[in-house]
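Trainee: Once you've had a glance at the structure underneath, I'll fire off some questions.
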Amino acid sequence: MTAAVTGARPDVPTRLAADDLDLLLLIRHFELALLDMFGRGELHGTTHTCLGQEYVPVALRPLLTDGDHVFSNHRGHGHYLARFADPHGLLAEVMGRQGAVCHGVGGSQHILRDRYLSTGVQGESVPVAAGVALHLNRAEPGHLALVHLGDGTWGEGAVYEGLNMAALWGLPLLLVVEHNGIAQSTPTDAQLAGSIEGRARAFGVDHTLVTATDTALVRAALAPVLRRVREESRPAVVELRTHRVGPHSKGDDSRTPEEIAYAKAHDWYARYAEAYPEQFAAHDERQRAYLAEVVREVAGRPASVWEEADRG
Amino acid sequence: MAERVVENLNQALHALLADDPRLYLLGEDLADPYGGAFKVTRGLSSRWPDRVLSTPLSEGGIVGVAGGLALAGQRAIVEIMFSDFVALAFDQILNFASKSTAMYGRRVPMPLVVRCPTGGNRGYGPTHSQSPQKHFVGIPGLDLYEVSPFHDNQTVLGGMLATGRPGLLFEDKVLYTGRMYADGVVDELFRYDLLDGDVARIWVDDPEQSDCVLVVPGGLAVRAVAVARELLLRDDIVCQVLVPSRLWPLHAAALLPAVARAGRLVVAEESTTGGTWGAELAHAVHTALWGTLRAPVRLVHSADSVIPTAAHLERTVLVQNTDIHRAVKEVVRGA
């Protein structure tokens with residue numbers, strides 16, 4: 001079965017409650033702060049920001065419980081912040097400062113906290129999440145395992161092995177695909193034959209296409225899918241057509257100016273600012289200032305410590 | 001007469017599943033009445049249909065599912081039908097299960113064992129006969145063990161799961177049909193005991209005396225004992241055989257005293273040459289005992305070749321008892 005939710009015209013976003021808007025802006029300013037610090041040479045290593053895609057974990061947030069497992073990927077800052085609202089711990093992790101969620105060992109793309117896990121190898125988490133879902137199905141029915149993945153991840157065989165077992169065994173596994181049309185530098189039409197819908201359908205798995213980028217509409221589209229996964233204990237694929245507003249990593253955007261302009265035209269940030277200027281300005285300024293304070297405070301912390309007893 | 005190795009493994013799995021309701025067993029064609037390609041899992045799915053699962057042909061996926069179970073506080077044993085196919089699960093082993101024990105900045109238990117029927121001498125050809133142990137040596141967070149006729153498998157598997165570290169258990173396919181040794185007796189000449197509960201020591205007359213030490217993984221244990229017997233009867237050479245259950249990390253502390261006393265060490269394994277477990281062991285022994293050794297450590301392994309199918313060709317590649325015999329004799333007598 002495939003359901004499509006196309007949503008309202010992109011220039012009329014739904015007015016959001018304060019907590020949703022704050023979370024969207026928290027993620028936006030976290031990512032902007034990271035790029036800013038990279039630009040100044042203050043960060044070591046690499047990062048992948050989710051600029052333009054912040055609404056995905058924000059839409060999911062009230063639909064998930066603490067008992068659900070969330071598996072994230074290389075582009076996971078938004079997923080983490082939506083779950084824990086902990087910019088200090090995440091920034092300390094990226095910077096290798098005390099208070100880091102994983103003592104600076106995992107960095108931007110390897111984080112484990114409670115039932116949240118991210119790792120940096122594409123597709124690897126799908127069978128792992130199926131294993132978690134196998135346990136949930138027996139021990140904690142009603143909970144689910146959610147995997148965030150991109151359109152590029154569908155090139156990995158692990159996705160199909162995991163989806164096959166989840167469908168065969170009736171497991172509460174939800175794949176949330178952030179289809180931003182580009183895998184690092186490779187456009188989707190150069191790396192994905194057929195469609196994600198066709199691939200889900202081949203396993204007898206429900207597929208829902210969501211083209212809206214409006215947090216409220218996306219949430220409304222996702223709610224019945226999560227409910228079905230929980231109640232009927234079977235996997236589902238949700239494909240969100242989204243727009244990567246920033247580079248893949250930092251300063252490595254290979255798209256044409258027109259393509260980048262197209263992504264920016266779909267950015268929820270500018271559209272929301274235009275539709276609700278007063279509400280937006282107040283929240284935006286508050287989160288910008290909050291992140292500046294987080295950066296100042298975390299940057300002043302001493303280096304993180306990896307104790308011998310924590311080395312596996 | 002002692003039970004066969006395959007029966008010991010089967011009983012070990014029965015006992016572990018009975019003792020621990022968190023334990024799962026996953027693999028291809030495990031379920032009854034088939035009971036696994038080598039019948040190691042016979043009877044298990046009938047007793048625990050919810051926890052003994054036949055899976056699709058998805059080695060990477062299966063090990064991933066096992067990793068997910070471990071992450072969720074369960075335990076898992078995976079059977080890979082032929083250890084050659086563990087290559088398909090390399091990412092889950094290298095990048096997920098073993099790394100997850102440490103890469104999140106704290107110790108995360110990953111109680112997970114991947115069982116790998118291993119080795120040649122059955123005419124199964126190039127993709128069903130390999131000894132892939134060497135490809136997994138030196139992966140942080142990953143332990144390697146090998147089944148032997150001296151080590152009870154319930155103890156070995158239970159111990160592996162109890163470490164909270166993922167591990168691979170290599171199981172020589174010819175050994176399955178052989179018998180376990182019991183009560184410290186190998187035959188009318190040889191006796192054995194366990195050092196540190198891990199290294200089986202097989203000796204004649206005096207465990208503290210030998211002309212040469214021969215270290216082998218469990219899959220070569222029966223062959224090594226046969227060689228030691230021939231060396232004694234034909235060449236009057238006293239060779240002590242050591243068989244560690246855990247291959248990696250190296251159990252050097254338990255191996256070094258005997259090697260130091262003899263001053264001579266031969267390491268034999270079925271892996272093809274190059275980047276082998278034996279080379280790591282030789283390095284450790286050379287470093288620790290350089291001033292004590294009477295000869296360089298000698299490595300014996302299979303040839304640098306794919307493993308052919310026809311029996312007469314397979315013999316030209318796989319390590320033979322005569323190779324081990326000759327190596328020990330040369331190290332003791334001087335080549």
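Trainee: Quick check: anything in region B:99-111 more than 11 Å from chain A (Cβ to nearest Cβ), crowded, with 23+ Cβ neighbours inside 10 Å and under 18 Å from residue A:130 (Cα atoms)?
Mentor: First, the residues of region B:99-111 that are more than 11 Å from chain A (Cβ to nearest Cβ): B:111.
From what is left, the residues that are crowded, with 23+ Cβ neighbours inside 10 Å are B:111.
Adding the requirement that they be under 18 Å from residue A:130 (Cα atoms) leaves B:111.
Looking for residues that are more than 11 Å from chain A (Cβ to nearest Cβ), crowded, with 23+ Cβ neighbours inside 10 Å and under 18 Å from residue A:130 (Cα atoms), one finds at least one in region B:99-111, hence yes.
Trainee: Quick one: is residue B:191 buried (at least 20 other Cβ atoms within 10 Å of the Cβ) and of a type in the set (D, E, K, R)? Break it down stepwise before answering.
Mentor: Numbers: buried (at least 20 other Cβ atoms within 10 Å of the Cβ): no; of a type in the set (D, E, K, R): yes.
Taking the combined requirement at face value, the residue does not satisfy it.
Trainee: Here's something else I'd like to know. May I ask you to list the residues in region A:154-180 that are touching a strand residue (DSSP E or B) at 6+ places or on another chain (Cβ under 8 Å) and among the polar types (S, T, N, Q)?
Mentor: Matches in region A:154-180: A:180 only.
Trainee: May I ask you to say which residue of A:105, A:121, A:128, A:132 is within 11 Å of chain B (Cβ to nearest Cβ), closer than 26 Å to residue A:311 by Cα, of a type outside the set (Lys, Arg) and free of Cβ contacts under 8 Å to residues at least 12 places away in the same chain?
Mentor: Working: A:105 fails: free of Cβ contacts under 8 Å to residues at least 12 places away in the same chain; A:128 fails: free of Cβ contacts under 8 Å to residues at least 12 places away in the same chain; A:132 fails: free of Cβ contacts under 8 Å to residues at least 12 places away in the same chain.
Only one candidate qualifies: A:121.
Trainee: Among (1) hydrophobic (A, V, I, L, M, F, W, C); (2) touching a Cys at 6+ places or on another chain (Cβ under 8 Å); (3) not in a loop (DSSP other than H, G, I, E, B), there is one condition residue B:113 misses while meeting the rest; what is its number?
Mentor: Checking residue B:113 against (1) hydrophobic (A, V, I, L, M, F, W, C); (2) touching a Cys at 6+ places or on another chain (Cβ under 8 Å); (3) not in a loop (DSSP other than H, G, I, E, B), the one that fails is (2).
Trainee: Of all residues in region B:18-50, which are within 14 Å of chain A (Cβ to nearest Cβ), in contact with a Ser or Thr (Cβ under 9 Å, 6 or more places away or on another chain) and closer than 20 Å to residue A:137 by Cα?
Mentor: The answer is B:25, B:26, B:27.
Trainee: Another question, if that's okay. Is it the case that some residue within region A:77-84 is within 24 Å of residue A:159 (Cα to Cα), within 14 Å of chain B (Cβ to nearest Cβ) and either not basic (Lys, Arg) or not in a loop (DSSP other than H, G, I, E, B) (or both)?
Mentor: yes
Trainee: Enumerate the helices (runs of 4 or more DSSP H) found wholly within region A:161-275, keeping only those where 1 or more residues are within 14 Å of chain B (Cβ to nearest Cβ) and touching a residue at least 40 places away in the same chain (Cβ under 8 Å).
Mentor: It comes to none.
Trainee: Right, residue B:134: in contact with a helix residue (DSSP H, G or I) (Cβ under 7 Å, 6 or more places away or on another chain), in the same structural domain as residue B:16 (by TED's automatic domain parsing), within 30 Å of residue B:202 (Cα to Cα) and surrounded by fewer than 24 Cβ atoms within 10 Å (Cβ to Cβ) or not? Quick ask: steps written out before the conclusion?
Mentor: Values: in contact with a helix residue (DSSP H, G or I) (Cβ under 7 Å, 6 or more places away or on another chain): yes; in the same structural domain as residue B:16 (by TED's automatic domain parsing): yes; within 30 Å of residue B:202 (Cα to Cα): yes; surrounded by fewer than 24 Cβ atoms within 10 Å (Cβ to Cβ): yes.
Considered against the rule, which asks whether it is in contact with a helix residue (DSSP H, G or I) (Cβ under 7 Å, 6 or more places away or on another chain), in the same structural domain as residue B:16 (by TED's automatic domain parsing), within 30 Å of residue B:202 (Cα to Cα) and surrounded by fewer than 24 Cβ atoms within 10 Å (Cβ to Cβ), residue B:134 comes out as yes.
Trainee: Still on this structure: Scanning for something out of contact with any strand residue (DSSP E or B) (no Cβ under 8 Å at 6 or more places or on another chain) and more than 8 Å from every other protein chain (Cβ to nearest Cβ), does region B:60-83 turn up at least one residue?
Mentor: No.
The values are calculated or read from the model by the stated rules, or taken from the named source; none is laboratory data. From a predicted model like this one, the values you see are computed outputs, not experimental measurements. Backbone-built Cβ (ideal geometry, glycine too); neighbour counts: all protein chains shown.
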